[in-house]
1. For the chain, set up a GNM with springs between Cα atoms under 10 Å and report which of 169, 96, 194 has the largest fluctuation.
2. With labels modelled as points extended 7 Å from the Cα through the Cβ direction, what inter-label distance (nm, one decimal) is found for residue 127 paired with residue 5?
3. Which whole-number percent is the relative contact order of the chain (Cα, under 8 Å, 6+ apart)?
4. Order by neighbour count: 46, 318, fewest other Cβ atoms within 10 Å first, most last.
5. Quick one: if the Förster radius is 41 Å, what FRET efficiency do residue 24 and residue 225 give, using the C-beta to C-beta distance and rounding to 0.05?
6. What whole number of Å gives the distance from the Cα centroid of the range 50-115 to the Cα centroid of the range 1-30?
7. 7 Å from Cα along Cα→Cβ at both residue 68 and residue 40: what's the point-to-point distance in nm?
8. Subtracting the Cα-Cα distance from 0.36 nm times the residue separation, let me have the gained length for residue 282 to residue 198 in nm, one decimal.
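Read the figures in this text as sums done on the coordinates, not as results from a lab. Computed from a prediction, not measured in an experiment: that's the story for all the values here. Heads up, the Cβs are rebuilt from the backbone with ideal geometry, glycines too, and the neighbour counts pull from every protein chain shown.
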Ligand code: FAD
């Protein structure tokens, strides 16, 4: 079923979903099942699986020279989605990114997804590769998430890159896109960022999942601003608890987000990661309860492989 159908059918009752990462190359599907087994108790209608772009690494050759090699550390998104759907009977939402794909490869990946019975995708641009100062699209690939949305929407209309295809199969993808309550870090201001978000919806996206945030007021203001410019699709809040002291600086650096003063004050009093984790969990539980109350359609948790924490949170909220 489509993400938007789950939301419609729940009649205003907030549902839960989890985002997981594929294991590092060399890992097994059992690692995914071990992670998901305890979360299934909360009956998530769908699970998101992230996609990771290739990275360049420098390998030292016997000659002493360094060789630039491209590797993908976390492959397997599509396989994991299929395995999840087969094992648990819940839907899986693969993330698709522009970076690293030509349009042709993107189209072929979407055909694979369609044949596998996967009809939800989260369409993203992706970030710059490590050691690159800005996002560089693949030669012959998409520049922005909106280009990917348009591509998928065309396939939903039976239009393929090869315009000679007539009466092509109309895929039926439900398309999610990313939104940023605190603005995407590259956008010059929130208004322009929102305009680009609206463009993605107008191009055919069906729902929005937000970047993680810790201040519900920011999410609620974001939803209000979206509604004011005519975005009517569901806006799913993305949540992640702080679980150690290092994240106070690493998360803002990596994800370009801010922590509210009250949360930072509480964390500053902690003398151990264990205490910080407790503060983080309690904060996310409180956030989740308020968002449920405020009518959020789904609470989407970024697990980043830390299942225990999310079992604690989901037990308190659902
Ligand atoms: P876009 O919507 O293309 O926006 C990127 C920037 O370009 C924004 O600043 C926007 O304002 C601007 N912009 C948009 N259109 C235009 C235009 N026409 N002209 C000029 N500027 C424009 N990354 C991964 O690699 N893998 C994942 O699995 C993944 N999952 C994610 C899940 C969620 C819910 C979120 C919020 C993010 C995820 N990301 C993931 C990170 C995401 O790829 C980055 O945040 C990326 O920098 C932007 O992606 P986007 O889809 O929002 O890009």
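1. Judging by the Gaussian network model, the answer is 169.
2. Each label point lies 7 Å from its Cα, and together they span 3.4 nm.
3. Reported as a whole number, the value is 19 percent.
4. On the way: 46 24, 318 15.
With the sparsest Cβ surroundings first, the list reads 318, 46.
5. Values: r = 38 Å, r/R0 = 0.93.
The computed FRET efficiency comes out at 0.60.
6. The two parts, judged by their Cα centres, are 19 Å apart.
7. Going by the 7 Å Cα→Cβ label model, 4.5 nm.
8. On the way: separation 84, 0.36 × 84 = 30.24 nm, distance 3.37 nm.
That works out to 26.9 nm of additional length.
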